[in-house]
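The values are calculated or read from the model by the stated rules, or taken from the named source; none is laboratory data. All of these numbers come straight from a predicted model, not from anything done at the bench. So basically every Cβ, Gly included, is an ideal-geometry build from the backbone, and we count neighbours across all protein chains shown. All accessible areas refer to the heavy atoms of the entire protein, side chains included, with ligands and DNA or RNA removed. Shrake-Rupley method; radii C 1.70, N 1.55, O 1.52, S 1.80 Å.
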Amino acid sequence: MKTLYKIIFFTFLFNSAFAQQEKYSRVKVWLTNKNITELASLGIDVTEGDHRPGVWFITEMSQSELNRLKQASFKTDVIVDDVKAFRIQQKPSPKRTAAFPCATSSAPDYPQPQNFTLGSMGGFFTYQEMLDMLDSMASKYPNLITVKQPINALTTNDGNQLLWVKISDNPNTNETEPEVLYSALHHAREPAGLSNLIYYMWYLLENYSTITEIQSLVDNTEMYFVPCVNPDGYQYNELTDPLGGGFWRKNRLDNLDGTFGVDPNRNYGYNWGFDDTGSSPFTGDETYRGTNPFSEVENQTMQDFCNAHEFKLAFNYHTFGNLLIYPWGYIPDFYTPDSALLVNYGSL
Ligand SMILES: [Zn+2]
């Protein structure tokens, strides 16, 4: 009887896991007679995608989101009907592993780090492959990078801890150098952010002894990395879509109403829930902000990490859009005391 119970329970989990999976399409949403704010109010993340203001916004969305747009009289064109199938079909090619050419021809062509390889999940790393990469870095370059360690004792809904490493000269010593934070995978379905970070980390480590600019950076800053802010969501995609293309975005909190997940990128405290366009109060939405600011372990942990350091600059890697987005995000007026500096960085 006990075994039967377990089987039924497992089957339920299995079904509920796959019941979450919808077809996702890449969609062009026309904005010629609609406002993008109205699109945001429907629970769509309008910061992630390709935006031609006043003309269109291209992003990827579920069928239920697409239906919601149609009901709100948005004109839409489906560009790729089934993005997951499209991605799986796009097997990583040797050409794609050979170089990551920059978008502009004036940018230098950075040679691929020798230790950088593609992962097994449609070219992206599984969670374990990411852990192995971090271990490999620490083993090959113990004088430049720490071993991975948890930020605090908190564990996520699925029992994970958020891990960090530091790249610097004397990485195991706390020196009085400016601190910088790099993070990826707030959103579980954006594995290219992790690949970018891993690539960059190998690039720093491998070129430290030969490129003076890299040496100067590493010697004079303390670079902290949290490569996976949302380990539950990331591993959930791995479970449902081991070949890649999993579309889960949020964490895996059971909202106890048949829906799962809070958007960790909408759960930080500053002006949390400012309005219902940048984040959603509805549990099933992709931009659901949670019940309270910092209600989520992932955000509490990042808060602990920031409180324990004095980061001069923080980069959170997302996809897609080829954009460098700087604060503020919760109001259209983006000016902050640091805006001029950030604009300058963005133009370099
Ligand atoms: Zn994102």
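Would you mind counting up the charge near W272? Only other residues with Cβ under 9 Å from its Cβ, with Lys and Arg at +1 and Asp and Glu at -1. That works out to +2.
In this structure the amide hydrogen of F124, modeled in the peptide plane, comes within under 5 Å of the amide hydrogens of G119, none closer than 5 places in sequence on its chain. For region 114-218, trypsin sites (Lys or Arg not before Pro) meeting the loop criterion (DSSP other than H, G, I, E, B) and having at most 12 other Cβ atoms within 10 Å: none.
Averaging the Cα positions of each part gives two centres, and for region 162-219 and region 276-322 these lie 21 Å apart.
Using the beta-carbon distance between T155 and L118 and R0 = 41 Å, what value does 1/(1 + (r/R0)^6) give for FRET efficiency, to the nearest 0.05?
Details: r = 30 Å, r/R0 = 0.73.
About 0.85, to the nearest 0.05.
Peptides 68-74, 27-33, 235-241, 180-186 ordered by packing proxy, namely the average of other Cβ atoms within 10 Å per residue, highest first: 180-186, 235-241, 27-33, 68-74. Considering only the other residues whose Cβ falls under 12 Å of the Cβ of T240, what net charge follows from Lys and Arg at +1 and Asp and Glu at -1? Result for the local shell: 0. Each label was represented as a point 7 Å from its Cα along the Cα-to-Cβ direction; for Q63 and S41 these points are 2.8 nm apart. Ordered by solvent-accessible area of protein heavy atoms (1.4 Å probe), largest first, the residues T47, T319 come out as T47, T319. Listed peptides 224-231, 192-199 appear in the order 224-231, 192-199 once ranked by packing, highest mean of other Cβ atoms within 10 Å at the front.
Just to confirm a number: summing +1 for Lys and Arg and -1 for Asp and Glu over residues other than E296 whose beta-carbon lies under 14 angstrom from that of E296, what do you get? Write out the running numbers ahead of the final one.
Values: positive: R249, K250, R252, R266, R289; negative: D158, D232, D254, D263, E298, D304.
Its environment carries a net charge of -1.
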